[in-house]
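**Student:** Quick one: the structure is below, and I'll ask about it shortly.
The values are calculated or read from the model by the stated rules, or taken from the named source; none is laboratory data. Worth saying up front: this structure is predicted, and the values here are computed from it rather than measured. A quick note on method: Cβ atoms are made from the backbone with ideal geometry, for glycine too, and the neighbour counts reach across all protein chains shown. Each accessible area value is taken on the protein alone, full model and side chains, heavy atoms only, with ligands, DNA and RNA left out. Shrake-Rupley method; radii C 1.70, N 1.55, O 1.52, S 1.80 Å.
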Amino acid sequence: MAPDQAGRPPGRGGQRPASEGWTYFSYLVGGMLLYGGIGWLIGRWTGLPVLFPVGMLTGLALAIAMIIFRVTRS
Amino acid sequence: MTDARAVLASSCNPLTSHLFSGCRYPAPSIDDFYFKPILTVGGIGITKPMVLAVVAGATVLAFFAVAFRRPKLVPRGAQNLAEVGVLFVRDSILRPQLGKAGDKYLPFLVSIFFFVWLMNLFGIIPLLEFPATSRIAYPAGLALVVWITYLTVGIRAKGPITYFRNIAVPSGAPWWILPLLSPIELVSNIFVRPFTLTIRLMANMLAGHLLLLVFGLASWYLFSASIGLLFSVTSFLVTIILTGLEVLIQLLQAFIFTTLTAYYLADASAAH
């Protein structure tokens with residue numbers, strides 16, 4: 001574990017808590033919700049409904065990127 | 001023939017329907033989660049889940065009040081039991097997330113844990129037999145309390161600007177991608193958290209109660225002087241096994257709800 005974990009409370013040690021998993025889950029849900037929503041709105045505006053799934057996939061990709069950043073660099 | 005069937009079907013109800021009687025299986029549905037008001041007070045209908053929630057709250061309150069009324073150094077009886085409960089919440093939920101500094105949140109977490117657990121437990125207690133948490137308003141109300149609490153703790157611990165930067169900037173991400181990732185972090189911290197907290201508890205309790213209803217009703221429906229008796233016994237055994245499973249899930253869901261609350265509090269108050 002990287003030294004910047006020092007700010008975390010004692011007793012946690014080098015272990016990632018199980019609730020870390022729920023954070024990843026909420027990133028995935030949040031990413032799809034947000035970019036899917038934006039895609040859906042733009043899709044309605046421009047008359048291109050395909051932008052809704054495109055937005056969802058973009059959100060999913062970004063959420064996965066966030067999880068990778070979080071795991072590898074913190 | 002069809003007329004006779006229709007007449008027969010119109011007299012069908014879950015209490016009298018049996019196999020080969022011409023009545024269909026009275027499948028449980030979402031309607032089983034809606035109750036007629038028991039009584040109406042000032043235009044507000046009091047329903048069974050409301051009563052159960054109040055009973056759960058009052059029971060938790062009364063139990064801990066009685067248990068710690070005259071605390072003794074060597075605990076006996078109710079105090080012993082209450083101490084086991086409090087220590088379980090402290091050592092398995094609070095300490096791993098918040099450390100020793102988080103002991104000030106112990107009353108909050110103990111209340112949430114036992115309140116949720118008892119409301120879940122009502123799903124398998126005979127005569128009550130309904131988990132109040134399977135109605136979305138109860139988990140949603142609790143999630144709202146948790147949501148307000150962790151936002152307040154975060155703002156008080158770090159000040160509004162630092163706290164906002166904390167919940168908007170994902171850790172470990174390079175700066176050039178932040179405009180794309182910050183909204184996700186913000187949405188997941190502010191909207192997804194209370195939402196998933198609510199849905200997880202509600203959906204688990206709803207599904208569990210529905211499952212028990214399916215097999216409970218089936219063992220009654222199949223109960224007849226025919227081959228159905230065999231199926232009925234099987235269905236009844238499955239009901240018992242599923243009840244055991246429900247006991248586990250009810251405890252687990254209360255545990256997860258409280259663990260995540262502790263985690264959100266830790267996340268809000270920890271220095272980054």
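**Student:** Please compute the average number of Cβ atoms from other chains found within 10 Å of each residue's Cβ in peptide A:19-29.
**Tutor:** Values: counts 11, 1, 0, 10, 9, 1, 4, 12, 8, 3, 9.
Average per residue, whole number: 6.
**Student:** Quick check: the distance between the Cα centres of the stretch B:229-262 and the stretch B:76-150, to the nearest angstrom?
**Tutor:** 18 Å
**Student:** In addition: Quantify, in whole percent, the carbon and sulfur part of the accessible surface of chain B (1.4 Å probe; protein heavy atoms only). Write down the numbers at each step before the final one.
**Tutor:** Values: 10960 of 14770 Å².
Ligands and nucleic acids excluded, carbon and sulfur reach 74 percent.
**Student:** Under a 1.4 Å probe, what is the accessible area of chain B per residue, stated in Å²?
**Tutor:** 54 Å²
**Student:** Still on this structure: What average count of beta carbons from other chains do you get within 10 Å of the Cβ of residues in B:248-261?
**Tutor:** Neighbouring Cβ atoms belonging to other protein chains average 1 per residue here.
**Student:** How tilted is helix B:77-88 with respect to the longest principal axis of chain B? Cα atoms for both, answer in degrees (0 to 90, nearest 10).
**Tutor:** 60 degrees
**Student:** Let me ask another. Provide the packing ranking of B:162-171, B:187-196, i.e. peptides ordered by the mean count of other C-beta atoms within 10 Å per residue, highest first.
**Tutor:** Values: B:162-171: 16.8, B:187-196: 20.7.
Result, highest mean first: B:187-196, B:162-171.
**Student:** Any lysines with Cα under 27 Å of the B:Lys48 Cα? List them, leaving off those in the same chain fewer than 8 positions away.
**Tutor:** Within the straight-line cut-off, B:Lys48 pairs with B:Lys36.
**Student:** Here's a follow-up. Kindly compute the accessible surface that chains B and A hide from a 1.4 Å probe when together, both sides summed, and give it to the nearest 100 Å².
**Tutor:** 2200 Å²
**Student:** Moving to a separate point now. For the pair B:Ile136 and B:Leu178, how long in nm is the line joining their label points, each one 7 Å along Cα→Cβ?
**Tutor:** In this crude label model, B:Ile136 to B:Leu178 measures out at 3.6 nm.
**Student:** Tell me the angle of helix B:178-187 to the major Cα principal axis of chain B, expressed in degrees between 0 and 90 and rounded to the nearest ten.
**Tutor:** 50 degrees
**Student:** Right, another one. Sort the following peptides by mean Cβ neighbour count (other Cβ atoms within 10 Å, averaged over residues), highest first: B:149-157, B:233-241.
**Tutor:** B:149-157, B:233-241
**Student:** Binning at 10 angstrom from zero up to the longest distance, how are the C-alpha pair distances of the stretch B:64-212 distributed in percent?
**Tutor:** Distribution as computed: 10, 26, 32, 21, 9, 2, 0 percent.
**Student:** Determine the residues within the stretch A:43-74 where the difference in accessible area between the chain on its own and the full set of protein chains amounts to at least 30 Å²; count protein heavy atoms only and use a 1.4 Å probe.
**Tutor:** A:Leu62, A:Met66, A:Phe69, A:Arg70, A:Arg73
**Student:** At q = 0.21 Å⁻¹, what log₁₀ I(q)/I(0) does the stretch B:19-88 have when each alpha carbon counts as one equal point scatterer in the Debye sum?
**Tutor:** -0.90
**Student:** Tell me the net charge near B:Gly45. Cut-off is 14 Å between Cβ atoms, B:Gly45 excluded, with +1 for each Lys or Arg and -1 for each Asp or Glu. Show your work: numbers first, answer last.
**Tutor:** Values: positive: B:Lys36, B:Lys48, B:Arg135; negative: none.
Here the count lands on +3.
**Student:** Percentage of Cα-Cα pair distances in chain B greater than 36 Å, rounded to whole percent? Walk me through the numbers before you get to the answer.
**Tutor:** Details: 12305 of 36856 pairs.
In whole percent, the share of Cα-Cα pairs in chain B beyond 36 Å is 33.
**Student:** Take the alpha carbon gyration tensor of the stretch B:147-241, find the square roots of its eigenvalues, order them as a ≥ b ≥ c, and report rounded if a/c is under 1.5; if not, report prolate when a/b exceeds b/c, else oblate.
**Tutor:** Details: a/c = 6.53, a/b = 3.59, b/c = 1.82.
Prolate, because a/c is 1.5 or more and a/b exceeds b/c.
**Student:** Please build a GNM for chain B, connecting alpha carbons under 10 Å apart, and tell me which residue among B:Leu61, B:Leu73, B:Leu109 fluctuates the most.
**Tutor:** Maximum fluctuation in the GNM of chain B, among the listed residues, is at B:Leu73.
**Student:** Quick one, what does Rg over Rh come out to for the stretch B:224-272 if you take C-alpha atoms and the Kirkwood Rh? Provide the component values of the computation, followed by the final result.
**Tutor:** Numbers: Rg = 20.9 Å, Rh = 14.0 Å.
Rounded to two decimals, Rg/Rh equals 1.49.
**Student:** Name the residue from B:Val110, B:His18, B:Leu242 whose Cα lies farthest towards the positive end of the charge dipole of chain B, charges +1 on Cβ of Lys and Arg and -1 on Cβ of Asp and Glu.
**Tutor:** Checking the options against the dipole of chain B, the answer is B:Val110.
**Student:** Looking at the calculated P(r) for the stretch B:1-153, what percent of the C-alpha pair distances fall above 17 Å?
**Tutor:** I get 74 percent for the Cα pairs in the stretch B:1-153 exceeding 17 Å.
**Student:** Same structure again: Within 10 Å of each Cβ of B:92-100, how many other protein chain Cβ atoms are there on average?
**Tutor:** Values: counts 0, 0, 0, 4, 8, 7, 3, 5, 3.
Across B:92-100, the average partner-chain Cβ count within 10 Å equals 3.
**Student:** By the gyration tensor of its Cα atoms, with a ≥ b ≥ c the square roots of the eigenvalues, what is the shape of the protein assembly as shown: rounded for a/c under 1.5, prolate for a/b over b/c, or oblate?
**Tutor:** Numbers: a/c = 2.33, a/b = 1.38, b/c = 1.69.
The shape class here is oblate.
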